[in-house]
Amino acid sequence: MNLDKIFDSSARLKILGIESSCDETGAAVYHVARGLLSNELYSQVDLHAWHGGVIPELASRLHMEKIGIIVQKALDAAQVTLDEIDVIAVTSKPGLPGALMIGVSYAKGLAFAKNKKLIGINHLEGHVFSACIENVVPFPFICLTVSGGHTSMYLVENFGQYTLIGHTIDDAAGEAFDKIAKMMNLPYPGGPVIEKLAEQVEFKDFFQYTRGSMQNNNFSFSGLKTSILYDLVKRDAYDLQAKKFLKDDDLYFKQQVASSLLVCMGDIFEKKLAQVIKQYPDIKAISFVGGVACNKYLRRTLQAFAEKRRIQLFYPSGKLCTDNAGMIAFVGAYKALQNQFDDLDLPIF
Ligand code: KG4
Ligand code: ZN
């Protein structure tokens, strides 16, 4: 989507976006009239996978090593020089403090040395508008943001105008995928592995895991994780005392767990969205974003759900679902077009 027409602007701003809130070092260039020109990423996932999850200090050290290289790659891929950049947008919250500090310090250094405007971006606002980069998503829409750190629903009324209407009270859905995968000795991150296992059998509710409370718009995935743990114990698949998975060699069992888990997640998202649509009957679309929105089964499920209700479903392409700097540059662009800049004392949260 080209923002210059929406904001009726003749300024051909070019925004450099920088992302370093967790375990991905990202840089991207967004041109308000031409769209996303580049979106480069150095993923640390393989290094953290070795430890079974993200190690904050390791993340900061890797950001520090890679950030300069990734920024240069993004500028080269966009065929622009740093001098041609108008604004530097950087994720300043929320995230791992040490990781955020690398990106924000780097952005401040560039802004100071090259006399550029600086904008601090909320990483979650990046996810909320990530489907708008490649699509014209009509307002108002409901955004279901599902990642390793967050599971939330927002009512989105315009660029920069969004209200939280539901969130997880404990674990995020991606975190539940990761933890359940770990219980079964599957590698980190768990989501893609669970998807692959489930795809090898039919999508069926083999083990009928608990759906949790439907009383309000909030989510809870900690209960689901515990109920799966006890279900594994009941099926002689897990030794609670030794904390050991006992069915490493039983591929079909792992496929059944994966399939049941995905069917259960899809069901939870459908039920919560149905509830929210009743509360906000004038919504025109649903956008499904964040790392978990890469999941093809969940996309298909929500697509069928939306079609039944004659509303549109949008999701970003894979590179814009997981953490990335493209979404940070995009939010930076509409903030710049509204003159919302920060000073060099920009804090992190
Ligand atoms: O948005 P993201 O890259 O980082 C965070 O901000 O957390 O999301 C990462 C999460 C992980 O928990 C991972 O297991 C999950 O997204 N994920 C998936 C898939 N790809 C990544 N979950 C289900 N199916 C997938 N295909
Ligand atoms: Zn994220």
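Scanning the range 1-26 for residues being more than 16 Å from ligand 2 (Cβ to nearest atom) and in a strand (DSSP E or B) gives a total of 3. Just one of the listed residues (LEU155, LEU229, LEU164) is surrounded by fewer than 18 Cβ atoms within 10 Å (Cβ to Cβ), modelled with pLDDT of 95 or more and over 28 Å from ILE55 (Cα atoms), namely LEU164.
Let's see how each residue does on (1) in contact (Cβ under 8 Å) with a residue 24 or more places away in the chain; (2) in a loop (DSSP other than H, G, I, E, B):
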| position | (1), (2) |
| --- | --- |
| MET101 | yes, no |
| SER105 | no, no |
| GLY109 | no, no |
| HIS127 | yes, no |
| ALA131 | yes, no |
| GLU134 | yes, yes |
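Can you confirm whether the range 280-292 contains a residue that is assigned by TED's automatic domain parsing to the domain that holds PRO192, out of contact with any helix residue (DSSP H, G or I) (no Cβ under 6 Å at 6 or more places or on another chain), buried (at least 18 other Cβ atoms within 10 Å of the Cβ) and within 30 Å of ASP23 (Cα to Cα)? The answer is no; no qualifying residue exists.
Evaluate the following for LYS196: is it in the same structural domain as VAL263 (by TED's automatic domain parsing), farther than 16 Å from ASP267 by Cβ and surrounded by 15 or more Cβ atoms within 10 Å (Cβ to Cβ)?
Here the answer is no, as LYS196 does not meet what is asked.
Restricting attention to the range 232-263, which residues are surrounded by fewer than 17 Cβ atoms within 10 Å (Cβ to Cβ) and either within 16 Å of ligand 1 (Cβ to nearest atom) or assigned to a helix (DSSP H, G or I) (or both)? VAL233, LYS234, LEU251, TYR252, listed by residue number. Within the range 27-38, being of a type outside the set (A, V, I, L, M) and either part of a strand (DSSP E or B) or touching a residue at least 60 places away in the same chain (Cβ under 8 Å) (or both) holds for TYR30, HIS31, GLY35, SER38.
Listed here are the residues, each with its yes/no results for (1) crowded, with 17+ Cβ neighbours inside 10 Å; (2) under 24 Å from PRO94 (Cα atoms); (3) modelled with pLDDT under 95; (4) not basic (Lys, Arg).
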| site | (1), (2), (3), (4) |
| --- | --- |
| LEU302 | yes, no, no, yes |
| SER317 | no, yes, no, yes |
| ASP323 | yes, yes, no, yes |
| VAL331 | yes, yes, no, yes |
| TYR334 | yes, yes, no, yes |
| ILE348 | yes, yes, no, yes |
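Within the range 154-191, the set of residues being within 16 Å of ligand 2 (Cβ to nearest atom) and of a type in the set (S, T, N, Q) comprises THR168 only. Mind checking whether some residue in the range 217-233 is free of Cβ contacts under 8 Å to residues at least 40 places away in the same chain and touching a helix residue (DSSP H, G or I) at 6+ places or on another chain (Cβ under 6 Å)? No, every residue in the range 217-233 fails to be free of Cβ contacts under 8 Å to residues at least 40 places away in the same chain and touching a helix residue (DSSP H, G or I) at 6+ places or on another chain (Cβ under 6 Å).
Residue under question is PHE177, and the condition is that it be over 18 Å from ASP282 (Cα atoms), modelled with pLDDT of 95 or more and among the aromatic types (Phe, Trp, Tyr); does it hold?
It is true that PHE177 is over 18 Å from ASP282 (Cα atoms), modelled with pLDDT of 95 or more and among the aromatic types (Phe, Trp, Tyr).
Out of all the residues in the range 39-65, which are among the polar types (S, T, N, Q), outside any strand (DSSP E or B) and buried (at least 20 other Cβ atoms within 10 Å of the Cβ)? The answer is GLN44, and nothing else.
The values are calculated or read from the model by the stated rules, or taken from the named source; none is laboratory data. Keep in mind that this is a model prediction, so the values were computed, not measured. Please note: Cβ atoms are built from the backbone with ideal geometry, for glycine as well, and neighbour counts cover all protein chains shown.
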